[in-house]
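K.L.:
The following block contains the structure, expressed as structure tokens.
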Amino acid sequence: MAQAEAQDQGLQAQVAHAPTAAHADEQQHPIKLYLVVWGWLFILSTCSYLVDYFNLQGYLRWALIVTLMLLKAGLIVAIFMHMAWERLALAYAILVPPLLMMVFLVIMALESDYTWLTRILSFSPVQ
Amino acid sequence: MVDTTPEHAPHTASRPPGLRGIAADWASDQRAFKNVSWGKAMIWIFLLSDTFIFGCFLLGYMTVRMSTTVPWPNTAEIFALHIGGHSVPLLLIAIMTFVLISSSGTMAMAVNFGYRKDRRKTAALMLATAALGATFVGMQAFEWTELIMKGVRPWANPFGAAQFGPAFFMITGFHGTHVTIGVIFLLIIARKVLRGDFDRGTPGFFTSRRGRYENVEIMGLYWHFVDLVWVFIFAFFYLW
């Protein structure tokens with residue numbers, strides 16, 4: 001709820017500042033919002049630590065680690081870095097390029113699989 | 001959302017000749033980020049480029065880890081802390097994570113109080129952020145010392161795949177450097193806040209731009225980014 005309220009305020013602030021296009025959009029949200037996000041970051045971090053503590057393995061581990069990581073990253077970028085209230089032009093310019101790195105990730109994953117296979121075939125001890 | 005696109009400038013406007021004309025053409029009426037100030041747009045562009053640097057580090061780490069045929073060292077054991085005869089896995093890293101998240105929280109509140117022009121609270125929260133950041137770097141120095149004592153080197157280690165050493169030192173080293181630089185800048189900006197530079201609009205020593213409380217938010221963006229990078233390092237380097 002606090003987030004929705006703050007978003008409304010943020011939008012109002014943007015509208016209010018709209019005439020002076022060059023003026024900085026001063027971010028003004030209730031302190032409570034930051035405390036709530038802070039609390040959530042603590043909870044999410046504890047959860048990802050517990051994933052390791054209870055030694056979960058396999059796809060469950062991966063799903064949990066990545067989900068918790070993305071939730072934390074999303075909260076930091078959206079609320080702490082105020083991206084949720086920035087103009088869409090800026091948000092897209094900043095957030096889309098890193099997504100393109102996923103292509104790079106796939107390429108390198110394929111490449112390392114190939115390297116691994118070559119090493120197994122060429123360098124494993126003769127049986 | 002209200003469209004704030006300004007009226008198109010007349011194309012017939014006279015331009016100075018030569019290089020100045022080129023500069024004028026590129027610099028005039030070409031704002032893409034309409035209501036975003038220059039400083040904020042530039043820090044975001046910088047953070048984007050920094051994202052690529054850390055992205056490449058993590059991708060390189062993934063590549064060497066996936067392609068090695070030697071078992072990867074068990075990070076849960078290596079980064080365990082021994083407390084009262086018990087070995088708690090990854091405890092040090094968990095504490096470091098909480099310290100950094102806390103520093104992000106105090107920084108976010110510092111930005112908020114900055115825009116309320118609350119000089120003392122802003123400075124106090126920034127100093128708290130700097131203290132937490134310094135604590136993080138201190139714990140990282142301890143972690144590095146531990147690992148070096150255990151024989152981890154950039155070219156070999158006693159736990160398994162040799163690639164563990166360079167990946168660890170490079171990724172955490174680069175991140176620690178970012179935190180250290182952040183702490184230094186936090187202290188500089190906090191001093192300016194405390195001195196009232198942003199109330200008076202005193203020009204900066206280096207940039208000569210009038211000081212504004214927005215500088216606190218720009219500092220905050222950098223600091224949150226450092227925290228953000230740690231979220232990814234924690235997930236991929238320590239928990240994988």
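The values are calculated or read from the model by the stated rules, or taken from the named source; none is laboratory data. In this text, all values refer to a predicted model and were calculated from it rather than measured experimentally. Cβ placement follows ideal geometry from the backbone for every residue including glycine, while neighbour counts extend to all protein chains displayed. What goes into the accessible areas is simple: the full protein's heavy atoms, side chains included, and nothing from ligands, DNA or RNA. Shrake-Rupley method; radii C 1.70, N 1.55, O 1.52, S 1.80 Å.
K.L.:
Can you find, within segment A:34-54, the residue that is modelled with the highest pLDDT among those that are small (G, A, S) and over 13 Å from B:D227 (Cβ atoms)? Spell out how you get there, then give the answer.
P.N.:
Residues of segment A:34-54 small (G, A, S): A:39, A:45, A:48.
In the following step, the residues that additionally are over 13 Å from B:D227 (Cβ atoms) were identified as A:39, A:48.
Details: A:G39: 95, A:S48: 91.
Top of the filtered list is A:G39.
K.L.:
Scan segment B:226-240 residue by residue and report those that are part of a helix (DSSP H, G or I) and open to solvent by less than 10 Å² (accessible area, probe 1.4 Å).
P.N.:
Within segment B:226-240, the subset part of a helix (DSSP H, G or I) is B:226-238.
Matches in segment B:226-240: B:V226, B:D227, B:W230, B:V231, B:I233, B:F234, B:A235, B:F237, B:Y238.
K.L.:
Within 10 Å of chain A (Cβ to nearest Cβ) and part of a loop (DSSP other than H, G, I, E, B) - does that describe any residue in segment B:48-69?
P.N.:
Yes, segment B:48-69 contains at least one residue that is within 10 Å of chain A (Cβ to nearest Cβ) and part of a loop (DSSP other than H, G, I, E, B).
K.L.:
Of the conditions (1) modelled with pLDDT of 95 or more; (2) within 13 Å of chain A (Cβ to nearest Cβ); (3) surrounded by fewer than 20 Cβ atoms within 10 Å (Cβ to Cβ), B:R209 clears all except one; give me its number.
P.N.:
(1)
K.L.:
If you go through segment B:106-127 one residue at a time, how many are assigned to a helix (DSSP H, G or I) and free of Cβ contacts under 8 Å to residues at least 24 places away in the same chain? Don't jump to the end; show me each part of the working.
P.N.:
Step one: filter segment B:106-127 for residues assigned to a helix (DSSP H, G or I), giving B:106-115, B:119-127.
Imposing the further condition that a residue be free of Cβ contacts under 8 Å to residues at least 24 places away in the same chain reduces the set to B:109, B:112-113, B:121, B:124-125.
The total comes to 6.
K.L.:
A further question on this structure: When residues of segment A:71-94 are filtered for being out of contact with any helix residue (DSSP H, G or I) (no Cβ under 7 Å at 6 or more places or on another chain) and facing chain B (nearest Cβ under 9 Å), how many remain?
P.N.:
Residues of segment A:71-94 that are out of contact with any helix residue (DSSP H, G or I) (no Cβ under 7 Å at 6 or more places or on another chain), as a first pass: A:74, A:82, A:86-89, A:92-93.
Narrowing the set further to residues that are facing chain B (nearest Cβ under 9 Å) leaves A:82, A:86-89, A:93.
Residues in segment A:71-94 being out of contact with any helix residue (DSSP H, G or I) (no Cβ under 7 Å at 6 or more places or on another chain) and facing chain B (nearest Cβ under 9 Å): 6 in total.
K.L.:
Of all the residues that make up segment B:144-168, how many are polar (S, T, N, Q) and not in a helix (DSSP H, G or I)?
P.N.:
Taking segment B:144-168 as the starting set, the residues that turn out to be polar (S, T, N, Q) are B:145, B:157, B:163.
Keeping just the survivors that are not in a helix (DSSP H, G or I) gives B:157, B:163.
Total satisfying the criteria: 2.
K.L.:
Could you check how many residues of segment A:75-88 are free of Cβ contacts under 8 Å to residues at least 12 places away in the same chain, assigned to a helix (DSSP H, G or I) and surrounded by 14 or more Cβ atoms within 10 Å (Cβ to Cβ)?
P.N.:
1
K.L.:
Separate question: For the structure I just gave you, tell me whether B:A235 is aliphatic (A, V, I, L, M), within 14 Å of chain A (Cβ to nearest Cβ) and over 30 Å from A:A84 (Cβ atoms).
P.N.:
Working: aliphatic (A, V, I, L, M): yes; within 14 Å of chain A (Cβ to nearest Cβ): yes; over 30 Å from A:A84 (Cβ atoms): no.
Against the criterion (aliphatic (A, V, I, L, M), within 14 Å of chain A (Cβ to nearest Cβ) and over 30 Å from A:A84 (Cβ atoms)), B:A235 does not qualify.
K.L.:
Continuing with the same structure: Condition (residue is under 30 Å from B:R210 (Cβ atoms), more than 20 Å from the chain's Cα centre (by Cα), open to solvent by 10 Å² or more (accessible area, probe 1.4 Å) and within 14 Å of another protein chain (Cβ to nearest Cβ)) applied to segment B:159-174: is it met by at least one residue?
P.N.:
no
K.L.:
Also: Identify the single condition in (1) of a type in the set (A, V, I, L, M); (2) open to solvent by 10 Å² or more (accessible area, probe 1.4 Å); (3) closer than 18 Å to B:S102 by Cβ; (4) within 14 Å of chain A (Cβ to nearest Cβ) that B:V183 does not satisfy, given that it satisfies every other one.
P.N.:
For B:V183, the failing item is (4).
K.L.:
Given the criterion more than 10 Å from every other protein chain (Cβ to nearest Cβ), free of Cβ contacts under 8 Å to residues at least 60 places away in the same chain, under 18 Å from the mean Cα position of the chain (by Cα) and under 19 Å from B:I95 (Cα atoms), identify the matching residue among A:I43, A:I65.
P.N.:
Numbers: A:I65 fails: more than 10 Å from every other protein chain (Cβ to nearest Cβ).
Just a single option satisfies the conditions, and that option is A:I43.
K.L.:
How many residues does segment B:108-158 hold that are of a type in the set (D, E, K, R), surrounded by 15 or more Cβ atoms within 10 Å (Cβ to Cβ) and away from chain A (no Cβ under 14 Å)? Reasoning before the result, please.
P.N.:
So in segment B:108-158, the residues of a type in the set (D, E, K, R) come out as B:116-121, B:143, B:146, B:150, B:153.
If we keep only those that are surrounded by 15 or more Cβ atoms within 10 Å (Cβ to Cβ) too, we end up with B:118-119, B:121, B:143.
Narrowing the set further to residues that are away from chain A (no Cβ under 14 Å) leaves B:119, B:143.
Total satisfying the criteria: 2.
K.L.:
Which of the following residues is surrounded by fewer than 16 Cβ atoms within 10 Å (Cβ to Cβ) and under 30 Å from B:L194 (Cβ atoms): B:I45, B:I83, B:I53? Before the answer, list the steps.
P.N.:
Working: B:I83 fails: under 30 Å from B:L194 (Cβ atoms); B:I53 fails: under 30 Å from B:L194 (Cβ atoms).
Going through B:I45, B:I83, B:I53 in turn, the sole match is B:I45.
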